[in-house]
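The values are calculated or read from the model by the stated rules, or taken from the named source; none is laboratory data. Just so it is clear, the structure is predicted and the values come from calculations on it, not from any experiment. So basically every Cβ, Gly included, is an ideal-geometry build from the backbone, and we count neighbours across all protein chains shown.
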Amino acid sequence: MIEDYLSGSVRQSIERILQLRGIVQSRLPREYDGLRQICLCKLDQILVELSTLTRERIVDSGLQTPRRVRVFKRLVEQLNAVEGVGIFALNRVNDADTALNRLITEICTEIKYPLVNPVVSHMSQDYFHIYPDFNLLCLPLLESQFLLHMPDMYHELCHPLHRNLDLPILGPYALTFKKSLFGMVGYFQREALAADRLRNQEARLFQIQLWRTCWAKYWMEEFFCDLFGVLTVGPAYAWAHYHLCVRRGGDPFATPLMRETSHPADDARMRAMICMLRLAREFDTEADTIERAWRELIAVMGYRATAEYHLCYSDAQIEPLARAAREGVEGIGIVRATSGATARVRDALSEAWRVFWKSPTDFPAWEVAEVEKLLPHQA
């Protein structure tokens, strides 16, 4: 009976693929060609495997059927991802999405982005994020009509670099990233040796292992993406982080003690950003202002750093990390934000923060006009 079910359900999935191909092949602006090609490639791969299931001769159902069910489940999961992410983005293309894709093309041109530009869609139900397998950058529904969070797009542009570190063009960046990982491992090895002298060494060793794992799996990449944002859009990126933390953040010193977390502590991220601004020399004044605003937020909210926080995010890690990120980003030819150079998108996002702090109450009215200049024809 289960084989009869598979026979019908596999063919139904094949029909689903054929209809999804029709959506992908519909007329769309050329900015979506990359996503269309990714979706078509994934659909073709799934179709080949499904077709193989339909042609497979059943000799021993006791052995073959369980495997065939597992294969079918895997293919359905893959198909759901293609439909729910890539093709969903293509099917909901509108004027606002198209305007934003033209903007990301301009950003990538300004900074000399070394990879294929991602497609952008207003389909996020939470915050900015990227699907590396689809090269699809997602924003919340109305986010492009408000400028203060927009610098976070630069952070997301960095994540695809980490999925392509084997490319020769990214060699200098990959080298500095790997050196930073080795440096992090060395730091925690030294701390583990020091923990041998503590009475509660088992608990401390567990924490050190946990932090090292988080740094290796998630945090180092997040730090590099933050620093990429600072390097490419300047102080506006650090202000966007401040904006996010006030609106949606929790304890900026939160340090995992029992389980992994995907993002490092917000205070450590801000320290790295301010360090990067100071390395540039020309943003010292902005770095002072951002640091003062950040410390005021911490004081007003009554947050306190713990001993675990200082151990997990030591200055011995943060400053070398900032220097390494700068070396790696410059090494692959990315254009840095500088006070003298002009770039339309970067300058607009920087100006938004200057205007906001100059007159916060008047900012919303000013912003409406500026969004129309930056992203015309959204309506």
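For region 255-289, filtered to residues that are among the hydrophobic types (A, V, I, L, M, F, W, C) and touching a His at 6+ places or on another chain (Cβ under 9 Å), the residue that is farthest from Arg304 (Cα to Cα) is Met273. So for region 262-277 (the condition being modelled with pLDDT under 95, assigned to a helix (DSSP H, G or I) and either in the same structural domain as Phe177 (by TED's automatic domain parsing) or touching a helix residue (DSSP H, G or I) at 6+ places or on another chain (Cβ under 8 Å) (or both)), does at least one residue qualify? No, the conditions are met nowhere in region 262-277. Any idea which of Arg281, Arg304 is at pLDDT below 95 and over 26 Å from the mean Cα position of the chain (by Cα)? When all the criteria are applied, what remains is Arg281.
Of the residues making up region 231-256, just one is touching a residue at least 40 places away in the same chain (Cβ under 8 Å), within 18 Å of the chain's Cα centre (by Cα) and in a loop (DSSP other than H, G, I, E, B), namely Gly234.
Of all residues in region 284-302, those that are on the phi < 0 side of the Ramachandran plot and assigned by TED's automatic domain parsing to the domain that holds Leu244 have Cβ atoms under 7 Å from Cβ atoms of residues that are surrounded by fewer than 15 Cβ atoms within 10 Å (Cβ to Cβ) and assigned to a helix (DSSP H, G or I), 6 or more apart or on another chain, in Leu297/Val246.
Is it true that Arg74 is farther than 30 Å from Asp152 by Cβ and surrounded by 15 or more Cβ atoms within 10 Å (Cβ to Cβ)?
On the way: farther than 30 Å from Asp152 by Cβ: yes; surrounded by 15 or more Cβ atoms within 10 Å (Cβ to Cβ): no.
Judged against the criteria, Arg74 is not a match.
The residue that is surrounded by the fewest Cβ atoms within 10 Å (Cβ to Cβ), counting only those in region 322-356 that are closer than 22 Å to Ser144 by Cα and out of contact with any helix residue (DSSP H, G or I) (no Cβ under 8 Å at 6 or more places or on another chain), is Thr342. Please go through region 84-118 and give me each residue that is over 18 Å from Gln145 (Cα atoms) and crowded, with 18+ Cβ neighbours inside 10 Å, ordered by number. Of everything in region 84-118, those that are over 18 Å from Gln145 (Cα atoms) and crowded, with 18+ Cβ neighbours inside 10 Å turn out to be Val85, Gly86, Ile87, Ala89, Leu90, Glu110, Ile111, Tyr113, Asn117, Pro118.
Provide a single number: the residues in region 66-87 that are in contact with an Asp or Glu (Cβ under 6 Å, 6 or more places away or on another chain) and polar (S, T, N, Q).
Going through region 66-87, the residues in contact with an Asp or Glu (Cβ under 6 Å, 6 or more places away or on another chain) turn out to be 75.
Still in the list and also polar (S, T, N, Q): none.
Residues that pass the stated criteria total 0.
Can you find a residue that is in contact with a Ser or Thr (Cβ under 8 Å, 6 or more places away or on another chain), farther than 23 Å from Ser124 by Cβ and buried (at least 21 other Cβ atoms within 10 Å of the Cβ) anywhere in region 215-228? Checked region 215-228: at least one residue is in contact with a Ser or Thr (Cβ under 8 Å, 6 or more places away or on another chain), farther than 23 Å from Ser124 by Cβ and buried (at least 21 other Cβ atoms within 10 Å of the Cβ). Being at pLDDT below 95, of a type in the set (Gly, Ala, Ser) and not in a helix (DSSP H, G or I) is the filter; apply it to region 315-356 and report the residue that is nearest to Leu374 (Cα to Cα). Taking the candidates together, the pick is Ala343.
Here's a check for you: in region 39-66, which residue that is touching a helix residue (DSSP H, G or I) at 6+ places or on another chain (Cβ under 6 Å) and at pLDDT 95 or above is nearest to Tyr131 (Cα to Cα)? The residue in question is Cys39.
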